[in-house]
Every structure is written in C-alpha cells, then in structure tokens.
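Q: I have a structure I would like to understand better, so I am pasting it below and will then ask my questions one at a time.
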Amino acid sequence: MIYFDNAATTKPSASALKKAEIYNDEQFFNPSALYQGGLSSANAIKSAKEYILKTIGASTSEYEVVFTSCGSESDNQAIFCAVKRGFFVTDKGEHSAVFKCFCELKNRGIKTELIDLNPDGSINEQKLFQLAEKEKIDFVSIVHVNNETGAVNDINRIADKLKEINPRIVFHSDGVQAYGKMPYKLGKNIDLYSLSAHKINGLKGSGALIKRKKQNLAPLVFGGGQEGGLRSGTENLFGIKVFENAARERFDNLEENFKKTENIKNYIENGLDKEIFSVLSGKKSSPYILTVSAKGLRGEVLMHTLETFGIIVGNGSACASKNRYSRVIEACGYKNDVLDGVVRLSFSPENTIEEAERFVKIFNESASKLKRIMQK
Amino acid sequence: MKKAIIIRYCEIHLKGKNRGYFEKMLKENIKRSLKNINCTFAAMHSRYLIEDFSEEDLPIIEEKLHKIAGIHTYSIALVVENDFEKIFEACSSLCNGKHGTFRVTANRADKTFTPNSMECARLLGGRLLEVYGDKIKVDVVTPSFTVFVDIREDGKTFVYTDVVHCMSGMPVGSAGRGLLLISGGIDSPVAGYMMCKRGMKLDCLHFHSFPYTGEAAKQKVVDLTEKLGEYNGGINLYVVSFTHIQEVIHENCPEEFMITLMRRFMMRIAERLSYKIGAQAIVTGESLGQVASQTIESITSSNSVVTMPVLRPLIAFDKIDIIDISRKIATYETSILPYEDCCTVFLPKFPAIKPDLKRVLKAESNLDVDGLIEEAMKNIEKISL
C-alpha cells in the first residue's frame, strides 16, 4: 500500500507506542494521586510538556502546555476561552475546527471577519494589516500550514506586525499541520498554538494547546482541575507519552525528513502529466502537502481508482451535490471545473521515492484513462 | 399479574377457503421474528397470543411486531382467571392513574360465566367509578379510553385498554417474490417496504459504479437493505458492477440518452437475475414525473425491454409522502447521506425527458447489449443480510 493521506492521519509509530507501554502497565497511576505512583505519572506528563516546549524553542518560564483531546479542542478553547468579546478575525483557509468556531461566534452575535486568501491558500496579509489599522481587533487566528493546500503563513511575522499595530490583540495559530514537520521556533508574539499528536505518528485523541503563561484562558472542560484547571479530566497519560515519543522521533530527524519529503513532492510535481493536472499548492508550500487538480475529472473518482492499485490519497471534500466543493480551495479563487478534480497528496517521512515513482506512473495513467472516458 | 400480547390480523379475514394458508404464514413469520426471545406463542381463533415473556423483553417484542406485515393491531393484556373479583382487580390496576371518560366492553366466550357480558360491563363500570370516581367518568359513546374484558372458554380472561396499530397488510411471502432495484436514495427502500406490506418477499439489486461511486455509497445501500430486511424477515442484496456498461454507453451513444439506456440495461439485468433467483416481478421506486427518467415516455422505454411485471408502488406518490414513509421506517436518515449513486455519474446536462423509442433503439444499436449483460451477470456479488 502507498499511503499518501498523511495530513488526514498518520500511522502511529511502533517504537513510540512501545516506549510508552509502561504507562499502560506498571506506571498506570492517576497523575493527580498523592502517592508515589501518582507523582511519577505527574512527572512523566511534566517532562512531556517540557520536551514539547523545547521543540519549538519556547521557554518553560514564559509558556505552558495544556494537553487536550485533539487539535479541534485546542482550537475551540483558544477561540472561545481567551477573549470573551470584541472583534474576532481569521482567514478563509482555516480548518473546520477554527472556521466552525467563527460561525458559532457570529451566531452568538459577535463581530467576526474572514480575510481573503491568495491563490496558493496563504492569507492575504495586506488585507489583514489594513483591517488592523482601520479597526480595533481583539482576537486573530491564522493557520500555520493550510491543511488543504500546504501554504505556509509566516505567523511569527504576521503576529509581530499585528501587535505593532495593536499590542492588545490575542494571536492564535493552528499549528497542527506544521508541528514536527518543519523547523519552527514559536515567535514572541504568538499567544496560543494548537497541536495534534496523530498527525506526527502519535495517537488519535491526543492534542495540546501551547499557551503564553501571561495569556488569560478559561477552561472549556470543567471538573477536577487537571492541567492547571484549564482542562479537567484525568490526563491521557499513555496518549501524552506516545505524543512525546513520536515528537522526539520527528524532531530528531526534522531536517532530514524535510528534505526527504521535499524530494518526494518535487518528484511527483515534476512527473505529473501537465496536460491533465494543475498544481494548486504554491512554490513555497509545505513539502508534506501537494494539492493538484485534474481539470474536468472528479477527485473522488480518481481517489477510488487509485484505491484499486493500493494507493490511498485524500480528496478535499465529499463528492456530493451539497457542499460539493472545498470551501478553502474555492476561497483560493478557483472555478468549479478545478474544484471538482481536487486530489490532496500528503506525505510522511516513511514514504519513499520508489513509492513516488510508482505513484506518478499510475496517477498519470489512471487520470488519462478516465479523461478519455469522460470526454469521449 | 401475568401479561400477554394479543395479536390481531385484518385483511386475512376477507379470505375464504384459503384463509388457513395466510394464517399459517403470518404465524410462521411471527414465530421466526421471535425466535431469539424466551416466550410461548400460540394461535387462537383469529388471533395469536404471546405469553410467558419477561418484562424486559416487552419493548423488543413490541418493536418486532411493528415490523411484521399482516399484523393489524396488538394489545398488551393482563391475564387473570375467570373470576369476577380478579377481573375487577385487573380492571382497577389498568384504570389507576388514568383521567377522562371511559367505558367497559366485555365479551363472554365462556357462557358458563356469570354475570353475562352486558351485566359484567355494567357491574365493573360501577365498581371502577366507586374507586376512581374523582378522576374518571362514564361515556359509552365517545370514551377517552375503553376497558376491554375478554372472558375466554379456557378459563382465562384478558383485560386491556390500549389497541396498538401496526403495519397491517399481508404476511410476507404470501404474495410471491420480487426483486427490488435499490439505489441508495429515498424512494427505493420505501417502495420495498410497500411491497413487503402487501406480502411480497423481496430480494434487492444494486448497481455499483466503482470507481465512480465509492465503497461508502455501497455501504449506504447495505445499511438501507438491512433496514428493509427487518420487514422482510432477512434479505439478500445482489450487487452488480455497472461501471463498464456506463462507460460503453457514455462512449458510444448520444449524451441525452445516457440515463434512458442505463435504465434499459438495469431492467434487463434485473429480469435475468429474477429468473435466476425465482423472483416473479421487478419492483422499482419510480414515481411518475419525479425526474427525467420517470416520465411516462422514459418508463415506456425502460419497460419495453422486459416481459416480467414491473411493480411501481410509488408511481402516484408525491415526494413529500414518500419522505414521510421513509421517516416512519427509519431509512430517511441513511438515504440522505451525501454519496454519489450510480445514476448521478455521467449525468448529462440535458437528459432526454421524453425519449423517443425509435431514437433510443437507434442509439442502442451501437452496443453489444447481450455481451454487456452477459459480462455483468458474471460478476454478481451476493450479500445476505
């Protein structure tokens, strides 16, 4: 099987799971318990937090980690629990976890604004800054790496500029598709940053919200007061340790993985039949995501065809009459014939150049065969 | 007090000398449906009786009864000896907590029992008023509830207040076998349900167009068929790969006839499969004029390739009525899941709404019809649900 849908989820790392086994075995204790075993569990979580902060160059004196159940929960807490009211701004390229929160804010009568995208899926910074100059913004959420096109937003620079205009803005970024995939140091003006474990070979049901200590944040889940009262519920000890181990594996080879996936991406991009495919991902996009469109074909049909060859790829959205097109790709300014044929390829360090070679051949052949049938 | 469920049928009453055949079939269907439940099941004169079940199983039994075609109504009754005091106790426990107007209707099959039925009803009513007079009062013409007392010859009396309506219709299997074309939309499961209700035992046929439609679309059909199977006493789903036929039509025939020609192929395959599995009719969810392929001209065109009867129980139904039934049989939520079905692939921009048979035949002459059907028949997947 060739698995090119790693932006959806990745295969949990066997070694990361193995190393964390102890937390499902003898070290199973509740981290809140006062006996020795509980303390050991609490320490295990503490060390995971320290490591995660270290990976993005954030100091433990200035930042803290709140473990959550997923990236979506992190996004929800950041958006609903940091700023109570005011003017909320995001862009049209956000994952649904952010987009739907903004829809909800709007329903609750809160003022929101969605900034337009550039054709590659990155945010139109000019429009954002103009808005910030013109109006008093209270909260901004900008995705780090667009999950549908792979476009990278320079969130550090955007945050710096915004705070220069208005130092009171709270800045959040969804870093789910960036963390563990590209070199990045958390900028001094980023207040909140969402992560997810299963996108980097961790487990589903495990995420984190990085938070500046001085940033006010209310809980989304109330209860026993775990995670400094910010996220109640007994900690997912095993999931957290697998997250840490998986992150270690990613960060130990970060540069190497980056180059490797870049090679795979470039190979595929260059090998695509240009008569059929157009590349939607921009030149500066993440090497982990390559979004293409086969004009006049349907992405879902291509996806199913590849399935018969044991190749798994993603497509932007469900191929149905309702909500047929990807909201994000549409916001990049593409027309229906392009939107119909969107296929998203997303890679992981486990992918090989041999897989890319086989893929390109089958992808081109399948698409041209389908094209012949569809356009008799 | 012991409980029993009294089950009644309706249309079987109209049958003459072959009434026994229908009664037996309904009895077998009920027995099969209850086979995993600990209870006794017996046939009485013109009705059936379930007894000796545990209270926890009651909701499960009730749910099952609602899915057996041929059952008109049922009542959950208290069972007591043929003894006036005990009968009164049963009546009293049923009236406890009730408000409004009531009457007592007694039926005395055991003619040795005294008082007689009229007297019995009068006495019971009087006693009930003595106890609950502040909450209920008598209205023999339009009561808000009726206490039924059925005094049987075998020494048992059934007392109940509620009569619950079920599917009615005729027992499944009593009206032959049919093959339902099921697409994954709202209509076809409803059409299947309607035929089950009239006693037809169904098998289903689905046309799958992988890779143009995905596994999720097929799973949706499996789920719908399974739901339908609850009314059918289990069901078989046959899945035919339709992809090649669609591609060939698309390649060789005018675009406007895509759907018309597809329907003709579907009907032919359905007829072939029907003969193979012993089905006597093809059932479709067509509703007159609902879409381009369901105009009278389109139906004529697709009907003309088969000799077997094609039953279209929804032909005169409005969409809104079909949706109502699909909600009732709980297929609606599955039907509206957004997956492509085989009809929406290669959908022409302007399909022929009134296809002229001569032109259709001309378009079809470009195709090796028999060869394509032969090939499709070779790859039929059977899923038993």
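Q: Which part of segment B:350-373 falls in the paramagnetic zone of B:Val305, meaning amide N under 15 Å from the point 7 Å along Cα-to-beta-carbon?
A: Inside the label zone: B:355-373.
Q: Using only alpha carbons, build the gyration tensor for segment A:82-161 and give me the equivalent ellipsoid semi-axes, biggest first, whole Å.
A: On the way: eigenvalues 77, 49, 21 Å².
Ellipsoid half-lengths, sorted descending, are 20, 16, 10 Å.
Q: How far apart, in nm, are the 7 Å Cα→Cβ label points at A:Ser32 and A:Thr308?
A: Taking the two extended label points, one gets 5.5 nm.
Q: How long are the semi-axes of the equivalent ellipsoid of segment B:1-81, defined as square roots of 5 times the Cα gyration tensor eigenvalues? Whole Å, largest first.
A: Gyration-tensor ellipsoid for segment B:1-81: 22, 14, 11 Å.
Q: For chain A, what size does the Cα cloud have along each of its three principal axes, sorted from largest down, in whole Å?
A: 72, 55, 35
Q: With +1 assigned to the C-beta of every Lys and Arg and -1 to the C-beta of every Asp and Glu, and no other charges, what is the dipole magnitude of segment A:42-166 about the Cα centre in debye, to the nearest 20?
A: On the way: 16 positive and 19 negative charges, 85 e Å.
I would put it at about 400 debye.
Q: Through the Karplus equation 6.51 cos²θ - 1.76 cosθ + 1.60, θ set to phi - 60°, convert the phi angles of segment A:50-56 into ³J(HN,Hα) values in whole Hz; use x for Gly and Pro.
A: For segment A:50-56, the Karplus-derived couplings read 4, 5, 4, 4, 4, 4, 10 Hz, x marking Gly and Pro.
Q: So what's the gap between the Cα centers of segment A:176-234 and segment B:258-331, to the nearest angstrom?
A: Taking the Cα centre of each part, segment A:176-234 and segment B:258-331 sit 55 Å apart.
Q: Another one. Can you work out the Karplus-derived ³J(HN,Hα) for every residue in segment B:348-360? Use 6.51 cos²θ - 1.76 cosθ + 1.60 with θ = phi - 60°, whole Hz, and x for glycine or proline.
A: Running phi through 6.51 cos²θ - 1.76 cosθ + 1.60 with θ = phi - 60° gives x, 5, 10, x, 5, 7, 10, x, 7, 3, 4, 5, 4 Hz.
Q: Using amide H atoms built in the peptide plane, which far-off residues or other-chain residues are under 5 Å from A:Ser206 H to H?
A: A:Ala197, A:His198
Q: What distance in nm separates the two pseudo spin-label positions at B:Thr40 and B:Arg19, each 7 Å out from Cα along the beta-carbon direction?
A: Here the answer is 2.6 nm between the modelled labels.
Q: Which order do the peptides A:140-152, B:309-321, A:207-219 take when ranked by the mean count of other beta-carbon atoms within 10 Å per residue, highest first?
A: A:140-152, A:207-219, B:309-321
Q: Also, I was wondering about something else. Find the Rg to Rh ratio for chain B, where Rh is the Kirkwood radius over alpha-carbon pairs and Rg uses the same atoms.
A: The Rg/Rh ratio comes out at 1.12.
Q: Taking amide H atoms as placed 1.01 Å from N in the peptide plane, list the residues 5 or more away in sequence, or in a different chain, whose amide H sits under 5 Å from that of B:Gly289.
A: Answer set, sorted by chain and number: B:Gln294, B:Thr295, B:Ile296.
Q: Right, next: Quick check: residue separation of A:Asp160 and A:Asn270 times 0.36 nm, minus the Cα distance between them. What number comes out in nm?
A: Values: separation 110, 0.36 × 110 = 39.60 nm, distance 3.60 nm.
Full extension of this stretch gives 36.0 nm more.
Q: Return P(r) of segment A:1-117 (all Cα-Cα pairs; 10 Å bins starting at 0; whole %; ordered from short to long distances).
A: Per 10 Å bin, starting at zero, the Cα-Cα P(r) for segment A:1-117 comes out as 10, 26, 31, 23, 10, 0 percent.
Q: Test of the criteria: in segment A:93-194, which trypsin sites (Lys or Arg not before Pro) are in a DSSP loop and have at most 15 other Cβ atoms within 10 angstrom of their Cβ?
A: Sites meeting the loop and neighbour criteria: A:Arg108, A:Lys136, A:Arg168, A:Lys185, A:Lys188.
Q: Search the structure for amide H atoms under 5 Å from the amide H of B:Thr101, placed 1.01 Å from N in the peptide plane, and list their residues when 5 or more places away or on another chain.
A: B:Lys137, B:Ser144, B:Phe145
Q: Moving to a separate point now. Would you please put B:135-144, A:304-313, B:348-357 in order of how densely packed they are, using the mean number of other Cβ atoms within 10 angstrom per residue and starting with the highest?
A: Numbers: B:135-144: 12.8, A:304-313: 17.7, B:348-357: 14.6.
Descending packing order for the listed peptides: A:304-313, B:348-357, B:135-144.
Q: Within 10 Å of each Cβ in A:295-307, how many Cβ atoms from other chains are there, averaged over the peptide?
A: On the way: counts 0, 0, 0, 4, 0, 8, 8, 1, 2, 9, 3, 1, 4.
If you average over the peptide's residues, the count of other-chain Cβ atoms is 3.
Q: I've got another one for you. Taking a point 7 angstrom from the Cα of B:Leu361 along the C-beta vector, which residues in segment B:296-323 have backbone N less than 13 Å away?
A: B:301, B:304-305
Q: Taking a label point 7 Å from the Cα of A:Ser15 along the Cα→Cβ vector, which residues of segment A:200-220 have an amide N closer than 17 Å to it?
A: Under 17 Å, as judged by backbone N against the label point of A:Ser15, lie A:200-203 of segment A:200-220.
Q: Something else: Just to confirm my numbers, what's the Cα centroid distance between segment A:64-97 and segment B:88-133 in Å?
A: Spelled out, the Cα-based centre of one part sits 66 Å from the other.
Q: Shifting gears a bit: Quick one: what do you get for the protein assembly as shown if you divide its Cα Rg by 2.2 N^0.38 Å?
A: Working: Rg = 33.9 Å, N = 761, 2.2 N^0.38 = 27.4 Å.
It is 1.24.
Q: Now, a different point. Segment A:8-40: which chymotrypsin sites (Phe, Trp or Tyr not before Pro) are DSSP loop and have at most 15 other beta-carbon atoms within 10 angstrom?
A: A:Phe28, A:Tyr35
Q: Placing +1 at every Lys and Arg Cβ and -1 at every Asp and Glu Cβ, with all other atoms neutral, what dipole size does chain A have around its Cα centre, in debye to the nearest 20?
A: Here the size comes out at about 700 debye.
Q: Can you work out the FRET efficiency for the pair B:Glu62 and A:Lys369, with r the C-beta to C-beta distance and R0 = 41 Å, to the nearest 0.05?
A: In this case the efficiency is close to 0.15.
Q: What number results when the radius of gyration of segment A:221-339, computed over Cα atoms, is divided by 2.2 N^0.38 Å? Each step should come with its number before you reach the end.
A: Details: Rg = 19.8 Å, N = 119, 2.2 N^0.38 = 13.5 Å.
Dividing the Cα Rg of segment A:221-339 by 2.2 N^0.38 Å gives 1.47.
Q: Sticking with this one: Sticking with the crude label model, points 7 Å out along Cα→Cβ, report the distance from B:Ala109 to B:Asn96 in nm, one decimal please.
A: Using points 7 Å along Cα→Cβ, the separation is 2.8 nm.
Q: A further question on this structure: If you consider only alpha-carbon coordinates, what radius of gyration and Dmax does segment B:68-149 have, in Å?
A: 13.4, 42
Q: Follow-up question, since we're still on this one. Would you list B:Val248, A:Val170 from fewest to most Cβ contacts within 10 Å?
A: In increasing order of surrounding Cβ atoms, one gets B:Val248, A:Val170.
Q: Which residue, A:Glu133, A:Glu125, A:Glu64, has the most motion in a Gaussian network model of chain A that connects Cα atoms within less than 10 Å?
A: Top of the fluctuation ranking is A:Glu133.
Q: Then there is this: So what J values fall out for segment A:300-314 if you push phi through Karplus, 6.51 cos²θ - 1.76 cosθ + 1.60 with θ = phi - 60°, rounded to Hz, Gly and Pro as x?
A: In residue order, the calculated couplings are 5, 5, 4, 4, 5, 4, 4, 4, 5, 9, x, 10, 10, 10, x Hz.
FYI, it's all coordinate maths here, none of it is from the lab. Only a predicted model underlies this, so the values are computations on that prediction, with no experimental measurement involved. Glycine also receives a Cβ, built like all others from the backbone with ideal geometry; neighbour counts cover every protein chain displayed.
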